[in-house]
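Notes follow the structure.
The values are calculated or read from the model by the stated rules, or taken from the named source; none is laboratory data. What you see is a predicted model; the values in this text were computed from it and never measured. In this analysis, Cβ positions are derived from the backbone assuming ideal geometry, glycine residues included, and neighbour counts consider all displayed protein chains.
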Amino acid sequence: MQGLTPVKLGERVPDEIAGARVLDASGGEIEVGIFWKRGPCLLILLRHFGCVGCAQQVRELAPRLFELSRIGLRTVLVGSGSVEQRAAFMARNRLDGAPVTVVTDPSLGLYRALGLVRSAWAALGPRALLETTRAMAAGHPQRGLEGDLRQQGGVLLVDRRGLVRLLHRSRSIGDHPPASDLVHAALRLALEERAPTVMV
């Protein structure tokens, strides 16, 4: 994380993050900052498309995607695998037709810019093994490696002005905020943005 522009709650997303490039379904490059140009955005960075912890995270969030869309929030999932693995991930998780954008960042440039953890211990240590076992016991599938094994995920919530409203850096495979917490944060943001400005 040394040398990175710090990401601070309530402050504008640093240019290093907003200008990071990810790949869309056709392999074309998109600047991340475009996702919150027209309104608030929930950016969820997955470890990789085959990760059991990510399968758990997406299954928890999927039923709430339409709710998030109705309040004007754009949800973007970012993986670290290939464009082809992205397509398979969407099919497995029944995301086609859902109000969600799925992109990939095989270069890990966005992950680095956000200062997300990249560690073999975080992926293979005792905590990660326990979380993997729990997720598999709950019926979430473990796929092959579809991205970077050591890379951990995170969550970034950005409002329509480009200000950071929530930042979570995952420390292990199962360390992600519950979907209910993300929805509540999004609802709070939506209420704030609809509230009239009072001049004093």
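Note on segment 100-145: among residues that are hydrophobic (A, V, I, L, M, F, W, C) and in a loop (DSSP other than H, G, I, E, B), the one that is modelled with the lowest pLDDT is Ala138.
When the strands (runs of 3 or more DSSP E) confined to segment 3-77 are screened for residues that are in contact (Cβ under 8 Å) with a residue 60 or more places away in the chain, those reaching at least 3 such residues are found at 21-23, 41-45.
Scanning segment 28-43 for residues that are in contact with a helix residue (DSSP H, G or I) (Cβ under 7 Å, 6 or more places away or on another chain) and under 21 Å from His184 (Cα atoms) turns up Pro40, Cys41, Leu42, Leu43.
Within segment 170-198, track down each residue that is closer than 23 Å to Thr133 by Cβ and out of contact with any His (no Cβ under 6 Å at 6 or more places or on another chain).
Just the residues of segment 170-198 that are closer than 23 Å to Thr133 by Cβ, to begin with: 170-179.
Passing the criteria: Arg171, Ser172, Ile173, Gly174, Asp175, His176, Pro178, Ala179.
Pairs are defined by a Cβ separation below 6 Å, a sequence spacing of at least 6 or placement on different chains, a first member in segment 161-182 that is among the hydroxyl-bearing types (Ser, Thr, Tyr), and a second member that is assigned to a loop (DSSP other than H, G, I, E, B); the pairs so defined are Ser170/Gln152; Ser170/Gly153; Ser170/His176.
Looking at Leu43, is it farther than 19 Å from Ser119 by Cβ, in contact with a strand residue (DSSP E or B) (Cβ under 6 Å, 6 or more places away or on another chain), at pLDDT 90 or above and surrounded by 22 or more Cβ atoms within 10 Å (Cβ to Cβ)? Answer is yes for this residue.
Being under 23 Å from Gly39 (Cα atoms), buried (at least 22 other Cβ atoms within 10 Å of the Cβ) and touching a Pro at 6+ places or on another chain (Cβ under 7 Å) is the filter here; which residues of segment 49-74 pass it? Working first, answer last.
Applying the first criterion (under 23 Å from Gly39 (Cα atoms)) to segment 49-74 yields 58, 61-74.
Pick out the ones that are also buried (at least 22 other Cβ atoms within 10 Å of the Cβ) and you get 58, 61, 68, 73.
Across segment 49-74, the qualifying residue is only Leu73.
State which residue is nearest to Asp105 (Cα to Cα) when the search covers only segment 146-198 and only residues that are more than 14 Å from the chain's Cα centre (by Cα), among the aliphatic types (A, V, I, L, M) and in a loop (DSSP other than H, G, I, E, B). Checking each candidate, the answer is Leu149. When you go through (1) more than 14 Å from the chain's Cα centre (by Cα); (2) more than 30 Å from Arg134 (Cα to Cα) one by one for Pro106, which number turns out not to apply? In the conditions (1) more than 14 Å from the chain's Cα centre (by Cα); (2) more than 30 Å from Arg134 (Cα to Cα), Pro106 misses (2) alone.
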